[in-house]
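Asks: Got a structure for you, written out below as C-alpha cells; questions coming shortly.
FYI, it's all coordinate maths here, none of it is from the lab. What you see is a predicted model, and the numbers here were worked out from it, not measured in a lab. When we count neighbours, we look across all protein chains shown, and the Cβ atoms used for this are built from the backbone with ideal geometry, even at glycine.
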C-alpha cells in the first residue's frame, strides 16, 4: 500500500466552525507533513512531524492545530478560520525527514465561508 | 531548508514536441527530485538524481544535474496532452520545500 489517504476530499466550513482534516498512511513512514496550496502557487510547508513529534512549525497561525496520534495518522484541527484560509491542504509522508521521496495525498479542498 | 527554483514558470508546446524545464538551488545537496502535480491534485514523485550522478532516465523523462552550477533540468520527450501539469523540483534536507514550479501545457 503506497497511498496517503486524506479525508474529506472537500470541506466547506463557516468561520465559527471547528473541523478536522485527516491523513493516513500505512507505509511505515515516520515523517508526515501538512502543506497549504493556493491556486497557481506551489505547496507551502506548514508542519512536519518526525516520529510522531512536531519538528517544524512554519509560523502557522494557531487557528491551525496539528496532531499526530500515532505513526499512521495525522490530523489538522481547524478553528475560527478566515476566508483567506480557503485552499487545497495536502498531506505527505516519507520514510524519515531528509528522505528521498515524499508520497502525497490527493488533498482536501477547503472553502471557508 | 533548501529550495529549488524552477524556470520557466510557464511553458506551452505542441503534442509531440520536447519540453525542458530547469531548476536552480542554492546549497550543496545529496539528491534532487522532480515532482508532477495535475491540477488540484496531489504531487507525484517522478525521478530522483543523486549528487554523484550527471544524468538519469526514466521512460520519456531525462534529468540532468550539474552540481557545479547548482542546477538541474527535466526533459520530457515526445510530449502528450496528459503531460499537462505543474512540475516542481525539491532538494534533500530537513523537509520537502518546493519552488514556484513550471506550468506545462501540451496542446493537442
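Asks: If you count, for every residue in A:42-55, the Cβ atoms of partner chains within 10 Å of its Cβ, what is the mean?
Replies: Details: counts 13, 10, 2, 7, 0, 1, 4, 0, 2, 0, 0, 0, 0, 2.
Shielding by partners across A:42-55 averages 3.
Asks: Using DSSP, restrict attention to beta bridges with both residues in chain B and report what percent are antiparallel, rounded to the nearest 5. Each step should come with its number before you reach the end.
Replies: Details: 36 of 41 bridges.
So the antiparallel bridges amount to about 90 percent of the total.
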